[in-house]
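No lab work stands behind these numbers, since they all come straight from the coordinates. Model, not experiment: these values are computed from the prediction. Cβ atoms come from the backbone with ideal geometry, glycine included; neighbour counts cover every protein chain shown.
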Amino acid sequence: MKSEELRSSIVTVLEDMEKKAREMHIKGVAVAAVLNKGGSVDWIGEMKVVDTPFNFKEGWNLVAIAWSKCAEAMATEADSGNPDHKTIVGECGFVGGAYEEYEGYKMSFAFSGALSEEDLEVAKYGIEKMKQAMQ
C-alpha cells in the first residue's frame, strides 16, 4: 500500500473510531500510527478529536495521553498499560493503546477520554477496521 493510500485509510478508520466512540457516548481523542511495510522509521500518524481534546475539569490533556498510549504500544509491540513493562520517559503507562502486526505492517491505535476499558475497546475497533481496509 502506498503512503498516500495508507494515510487515507487511516483517516477513514479514525472516522469509524469516532462513530464507535459516539455510539458508546464517550468523547476524547483517537490516534493511529502505522509503520509502513518493511520500514523502520516510516511512520504515518493521524489524530481525530471526538468533541474535546482536553478535560480541563479533571486536568487531562487527552491529546498527549492518546499519543503516549500509541507510542508505548508501538515501542513495546504490545497493548499499552502492560504492568510488566517498565515505562520510559514520555510514557504514562495507561491502558487504551492497541498494537497488532498485519501483513507486514505494525499498527498502533489508541483512544483517550473514557474509562480504560472503553478506550481500549475503541482502539481495538480501529485496529480491526484498519485490517479490513488493508485487504
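Do the alpha carbons of any pairs in Lys69/Lys124; Lys86/Lys124; Lys48/Lys86; Lys57/Lys86; Lys27/Lys106 sit beyond 18 Å of each other, and which pairs?
From the list (Lys69/Lys124; Lys86/Lys124; Lys48/Lys86; Lys57/Lys86; Lys27/Lys106), the Cα-Cα distance tops 18 Å for Lys86/Lys124; Lys48/Lys86; Lys57/Lys86; Lys27/Lys106.
Report the FRET efficiency, 1/(1 + (r/R0)^6), for Val41 and Arg7, where r is their Cβ-Cβ distance and R0 is 22 Å, rounded to 0.05.
After rounding to 0.05, the efficiency reads 0.85.
Given C-alpha coordinates of the chain, what is the ratio Rg to Rh with the Kirkwood estimate of Rh?
With Rh from the inverse mean 1/r over Cα pairs, Rg/Rh is 0.95.
Once label points are set 7 Å from the Cα along Cα→Cβ at both Asp51 and Leu115, what is their separation, rounded to one decimal in nm?
It works out to 1.6 nm between the two label points.
Given points 7 Å out from each Cα along the Cα-Cβ axis, report the Lys131 to Met24 separation in nanometres with one decimal.
With each label placed 7 Å out from Cα toward Cβ, I get 1.7 nm.
Could you pull out the GluC sites (Glu not before Pro) across segment 85-135 that fall in loop regions by DSSP (anything but H, G, I, E, B) with no more than 12 other Cβ atoms inside 10 Å?
Glu103
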